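The structure appears right after this line, and notes come after that.
The values are calculated or read from the model by the stated rules, or taken from the named source; none is laboratory data. Predicted model only: the values in this text are computed from it and were never measured. Cβ sites come from the backbone with ideal geometry, for glycine too, and all protein chains shown count toward neighbours.
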Amino acid sequence: MPSQRPPRRRHLRPFNRILVNVALDGALAALAAPIARWLADPQGGLIHPLWFLAGGAITLLIGGIPFRLPQQYWRFSGVADLLGIAGGSVMSALLFAGLLLSTGFRLPSITFPIIHALTLLVLLGGLRIVYRLSQGRFSNSGTTTTQNVLLVGADEAADLFLRAVRRARGTPLRITGLLARGSHQPGRRIQGVPILGTLGDVGPVLDRLDRQGQRPDGLVVTDPELRGTDLAAIIREADRHSIPVGRVPDPTALSPASRVELRPVAIEDLLNRPQVALDIQAMDLLVRGRRVLVTGAGGTIGSELVRQVAALMPESLVLVDHGEFALWQVDLELAELAPMVARRSIVADVRDAARLARLFADVRPEIVFHAAALKHVPIVEANPSEGMLTNIVGTRQVADAAAAAGASEMVLISTDKAVNPSSLMGASKRAAEMYCQSLDIAARRSGSGMRCVTVRFGNVLGSTGSVVPLFRRQLERGGPLTVTHPDMQRYFMTVTEAVGLVLQASAVGAAQTPVQPGGRAGVQPGAKTEALLQSGGIFVLDMGEPVKIVDLARQMIRLAGLRPDEDVQIRFTGLRPGEKLFEELFHGREAPVPTGYPGLLMATPRTADPVAVGDAVDAIGDLCRRGRPDEAILLLKRLVPEFDHNATGTMQPAEPERTVS
């Protein structure tokens with residue numbers, strides 16, 4: 001049938017290429033025999049019987065079989081192939097010498113086998129090298145424009161990238177120099193490319209090349225560990241010279257048969273955040289084999305919690321969210337990532353107490369991660385009743401349902417906006433913290449009951465509604481990028497790092513007794529951490545240094561290869577209701593306390609009588625349900641006296657006293 005012919009041709013293709021290799025190697029070996037004979041005995045001449053040529057070809061074909069010479073791919077010849085050629089050449093020379101002796105033909109000299117092997121090595125290896133070099137040269141000959149780039153990082157990744165560029169077809173890149181981390185490397189070369197200086201010499205090197213008329217068309221970062229302030233400094237220097245900066249692709253994407261496509265520098269790379277070592281054993285001990293429930297599972301934090309919890313192999317995992325589409329998305333992803341984990345996806349609203357009670361009684365979770373909340377300041381300001389019902393009343397109802405169902409631990413995801421709040425969102429999260437604090441204090445002092453661990457952190461890069469996706473959308477439209485105020489700054493962290501530290505805090509916070517429920521031995525925190533937890537302490541993630549939003553906007557414009565204020569404008573729109581310029585992780589009067597775990601600190605915010613907090617939460621919920629949000633806000637201000645409501649978005653008179661972690 002006609003449809004079967006193309007597959008047969010494809011099957012024949014590898015065999016045809018092997019035949020070509022055999023023919024070429026045989027011809028070279030036939031040529032090598034008289035050449036070696038003449039080199040060993042110049043007086044003997046170059047003319048020999050035809051069997052002499054045939055013998056040279058046949059002995060190479062036989063001697064090359066153990067070294068797989070016919071199967072070599074010439075365009076990708078490397079050291080291993082050269083060693084195979086050397087082995088085949090030696091074997092062929094020995095076989096040919098034996099053939100001569102067995103037929104009574106005198107060896108031209110005692111060194112003839114050595115000369116013959118070397119001749120074969122030069123001819124066979126030389127032709128392969130010439131072919132490979134010509135492929136690299138001719139593959140780029142059709143490109144119309146060649147970009148001269150500098151590589152930032154003289155390391156294994158740079159070496160791999162150089163090889164990929166030279167092998168790839170149609171890649172318009174020419175590497176003209178490298179910048180190294182080490183001070184001892186400048187002046188040396190990698191694959192013939194000079195190392196022009198160190199990372200600290202980016203400015204002077206670019207200035208010198210500019211004066212010489214050799215300014216590169218781009219910088220390419222090859223070092224995967226280069227990030228934070230060092231990377232930001234390189235981007236600033238590149239921006240000064242109007243040079244774009246990119247990163248090398250993933251090593252698995254460096255296909256020799258395709259173009260090498262650079263990828264942009266991610267904004268996350270500019271965070272100066274070293275990798276935090278997590279206690280995976282403690283996290284595994286917390287989750288493995290247990291029933292886990294996550295509220296807000298469709299959100300940015302909740303969905304990452306689901307992924308990381310699933311990787312720790314719980315007995316079952318229940319996903320709760322009031323949004324059907326978000327829940328469906330994370331459930332579908334989990335089915336692919338962790339199909340072996342038993343899971344349920346439940347559409348439910350944390351404000352529905354009866355629904356929660358039935359759900360928790362049915363599921364009986366052992367650990368509850370409460371990530372459901374209304375988190376966007378302007379939305380909560382515009383919908384105060386819904387914000388307070390979700391963040392305050394919803395948290396209480398989740399906590400009460402979890403305790404009634406026999407859960408051993410509940411983890412509340414909180415925010416830096418709960419510190420000296422100026423927004424309803426922040427004040428409502430502080431009230432939720434207070435309720436969980438009161439439950440936790442009672443449980444720890446009595447030695448029984450559900451632990452309530454609160455984890456507070458700042459903004460997550462790339463989360464729904466954050467500035468990074470907003471800036472990206474605005475860049476795609478050509479700008480402008482909108483920033484509320486030139487002095488506004490925020491703490492930022494990647495979602496993966498934040499959730500990893502949440503699990504770390506959960507493991508530490510749950511380990512207050514030598515043996516956990518179900519006979520689980522727990523890690524033991526330090527005496528100071530235990531004492532703070534006994535008095536209502538909460539965990540605070542070490543967010544590093546705050547970032548000015550306008551600087552973030554300028555960096556994103558530069559990463560897009562554009563110039564701030566020239567190609568893309570930045571427009572200041574003014575503070576929105578509830579916003580403040582400077583977020584805080586700690587109250588001014590409380591100092592951050594280390595926990596002994598990297599990335600985790602503790603705060604000791606004010607606590608209140610559990611009964612009083614519970615009564616206030618009930619009253620706030622009742623007022624919201626009756627459509628009286630103004631009265632509910634007044635009650636919230638009495639519950640959270642540090643709540644200074646910036647309802648109109650007016651400028652704060654001065655930066656508040658802050659203690660930064």
Next on the checklist: Under 9 Å between Cβ atoms, which residue pairs at least 6 apart in sequence (or on different chains) link something in segment 95-116 that is in the same structural domain as Ala32 (by TED's automatic domain parsing) with a partner that is in a helix (DSSP H, G or I) and basic (Lys, Arg)?
Outcome noted: Pro108/Arg37; Phe112/Arg37; Ile115/Arg37; His116/Arg37
Next on the checklist: Being touching a helix residue (DSSP H, G or I) at 6+ places or on another chain (Cβ under 7 Å) and among the aliphatic types (A, V, I, L, M) is the filter here; which residues of segment 597-612 pass it?
Outcome noted: Leu600, Met602, Ala608
Item to check | Matching residues, segment 587-644, being of a type in the set (Lys, Arg) and either closer than 18 Å to Met425 by Cα or crowded, with 20+ Cβ neighbours inside 10 Å (or both) | outcome: Arg625, Arg628, Lys637, Arg638
Checklist outcome for this item: Selection from segment 542-567 of residues in a strand (DSSP E or B) and either under 22 Å from Asp416 (Cα atoms) or not assigned by TED's automatic domain parsing to the domain that holds Gly479 (or both) yields Val547, Lys548
Next on the checklist: I'd like the full set of residues that are of a type in the set (A, V, I, L, M, F, W, C), crowded, with 22+ Cβ neighbours inside 10 Å and not in a loop (DSSP other than H, G, I, E, B), limited to segment 416-452.
Outcome noted: Ala418, Leu424, Met425, Ala427, Ala431, Ala432, Met434, Cys436, Leu439, Cys452
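Could you tell me whether segment 152-169 includes any residue that is modelled with pLDDT of 80 or more, crowded, with 20+ Cβ neighbours inside 10 Å and either in a helix (DSSP H, G or I) or in contact with a strand residue (DSSP E or B) (Cβ under 9 Å, 6 or more places away or on another chain) (or both)? Reasoning before the result, please.
Pass one, segment 152-169, residues modelled with pLDDT of 80 or more: 152.
Applying the additional criterion that residues be crowded, with 20+ Cβ neighbours inside 10 Å yields 152.
Remaining after also requiring either in a helix (DSSP H, G or I) or in contact with a strand residue (DSSP E or B) (Cβ under 9 Å, 6 or more places away or on another chain) (or both): 152.
For segment 152-169, residues modelled with pLDDT of 80 or more, crowded, with 20+ Cβ neighbours inside 10 Å and either in a helix (DSSP H, G or I) or in contact with a strand residue (DSSP E or B) (Cβ under 9 Å, 6 or more places away or on another chain) (or both): present.
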Checklist entry - Which members of segment 356-374 meet the condition of being within 25 Å of Ser506 (Cβ to Cβ) and surrounded by fewer than 22 Cβ atoms within 10 Å (Cβ to Cβ)? => result Ala357, Leu359, Ala361, Asp362, Val363, Arg364, Leu374
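What tally of residues in segment 613-626 results from selecting those that are outside any helix (DSSP H, G or I) and touching a helix residue (DSSP H, G or I) at 6+ places or on another chain (Cβ under 7 Å)?
Residues flagged as outside any helix (DSSP H, G or I) and touching a helix residue (DSSP H, G or I) at 6+ places or on another chain (Cβ under 7 Å) within segment 613-626 amount to 0.
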Checklist entry - Restricted to segment 462-497, and to residues that are assigned to a loop (DSSP other than H, G, I, E, B) and either among the aromatic types (Phe, Trp, Tyr) or closer than 12 Å to Arg571 by Cα (or both), which residue is modelled with the lowest pLDDT? => result Tyr491
Checklist entry - Somewhere in segment 295-304, is a residue of a type in the set (Asp, Glu), assigned to a strand (DSSP E or B) and either in the same structural domain as Thr390 (by TED's automatic domain parsing) or touching a residue at least 12 places away in the same chain (Cβ under 8 Å) (or both)? => result no
Item to check | Pair list, Cβ under 6 Å, 6 or more apart: segment 310-335 residue closer than 22 Å to Gln281 by Cβ, other residue part of a helix (DSSP H, G or I) and among the β-branched types (Val, Ile, Thr) | outcome: Leu312/Val287; Pro314/Val287
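Name every residue in segment 65-90 that is in a helix (DSSP H, G or I) and at pLDDT 80 or above, in order of residue number.
Taking segment 65-90 first, the residues in a helix (DSSP H, G or I) are 69-71, 74-76, 79-90.
Once the filter is applied, which keeps residues that are in a helix (DSSP H, G or I) and at pLDDT 80 or above, segment 65-90 yields Leu83, Gly84, Ile85, Ala86, Gly87, Gly88, Ser89, Val90.
Output the number of residues of segment 425-481 satisfying the condition of being polar (S, T, N, Q) and within 30 Å of Val611 (Cα to Cα). Before you say what the answer is, go through the steps one by one.
Keep residues of segment 425-481 that are polar (S, T, N, Q), which gives 428, 437-438, 446, 448, 454, 459, 463-464, 466, 474.
After this cut, where a residue has to be within 30 Å of Val611 (Cα to Cα) as well, the list is 428, 437-438, 446, 448, 454.
Residues flagged as polar (S, T, N, Q) and within 30 Å of Val611 (Cα to Cα) within segment 425-481 amount to 6.
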Checklist entry - Restricting attention to segment 509-527, does a residue exist that is in a helix (DSSP H, G or I), at pLDDT 55 or above and within 19 Å of Gln281 (Cβ to Cβ)? => result yes
Next on the checklist: Of everything in segment 307-330, what is within 21 Å of Val502 (Cα to Cα) and not hydrophobic (A, V, I, L, M, F, W, C)? Give them in sequence order.
Outcome noted: Arg307, Gln308, Pro314, Glu315, Ser316, Asp321
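Suppose we filter Val377, Val393, Val398, Val347 for residues that are surrounded by 15 or more Cβ atoms within 10 Å (Cβ to Cβ) and within 32 Å of the chain's Cα centre (by Cα); which single one remains?
Values: Val393 fails: within 32 Å of the chain's Cα centre (by Cα); Val398 fails: within 32 Å of the chain's Cα centre (by Cα); Val347 fails: surrounded by 15 or more Cβ atoms within 10 Å (Cβ to Cβ).
Criteria check complete, one pass: Val377.
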